[in-house]
1. Conditions first: (1) within 16 Å of the ligand (Cβ to nearest atom); (2) surrounded by 15 or more Cβ atoms within 10 Å (Cβ to Cβ). Residue 19 passes all but one, so which condition is the exception?
2. Scan the stretch 1-21 and report the pairs whose first residue is more than 17 Å from residue 67 (Cβ to Cβ) and touching a residue at least 12 places away in the same chain (Cβ under 8 Å) and whose second residue is more than 16 Å from the ligand (Cβ to nearest atom) and assigned to a loop (DSSP other than H, G, I, E, B), with Cβ atoms within less than 8 Å and a gap of 6+ or a chain change.
3. Search the stretch 25-50 for residues being within 15 Å of the ligand (Cβ to nearest atom) and either farther than 22 Å from residue 68 by Cβ or touching a residue at least 60 places away in the same chain (Cβ under 8 Å) (or both), and hand back the single one that is surrounded by the most Cβ atoms within 10 Å (Cβ to Cβ).
4. Condition (residue is under 19 Å from residue 19 (Cβ atoms) and part of a helix (DSSP H, G or I)) applied to the stretch 73-80: is it met by at least one residue?
5. In a strand (DSSP E or B), under 10 Å from the mean Cα position of the chain (by Cα) and within 16 Å of the ligand (Cβ to nearest atom): does that describe residue 13?
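Where a number appears in this text, it was derived from the coordinates with a stated rule and is not lab data. Note that the structure is predicted; figures quoted are calculated from it, not measured. Here Cβ is always computed from backbone atoms with ideal geometry, including for glycine, and neighbour counts include all displayed protein chains.
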Ligand SMILES: [Zn+2]
């Protein structure tokens with residue numbers, strides 16, 4: 001898929017709402033052991049969450065376990081706690097990390 005300038009658009013699915021967004025508008029979450037990283041340059045398997053408040057809140061909900069589905073592995077509840085803290089930071093900063 002290309003935009004009007006002919007650049008390739010990379011679409012990624014939000015793990016929470018399931019809608020597709022341009023990759024660079026999403027928050028990339030990578031999990032390394034029990035460490036959650038929101039550094040988009042970090043290597044490793046990533047999942048994407050959009051910047052909607054509801055999606056961030058849902059992504060941080062351990063009962064929904066969206067990252068266990070996205071990563072096809074068990075995700076420690078400590079990871080969701082980190083995502084919750086990060087999502088609050090994102091919301092306070094109007095979408096910036
Ligand atoms: Zn979403």
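1. Condition not satisfied by residue 19: (2).
2. 9/1; 9/3; 11/1
3. Checked the stretch 25-50; the qualifying residue surrounded by the most Cβ atoms within 10 Å (Cβ to Cβ) is 27.
4. No, there is no match, as no residue in the stretch 73-80 is under 19 Å from residue 19 (Cβ atoms) and part of a helix (DSSP H, G or I).
5. So residue 13 fits the description; yes.
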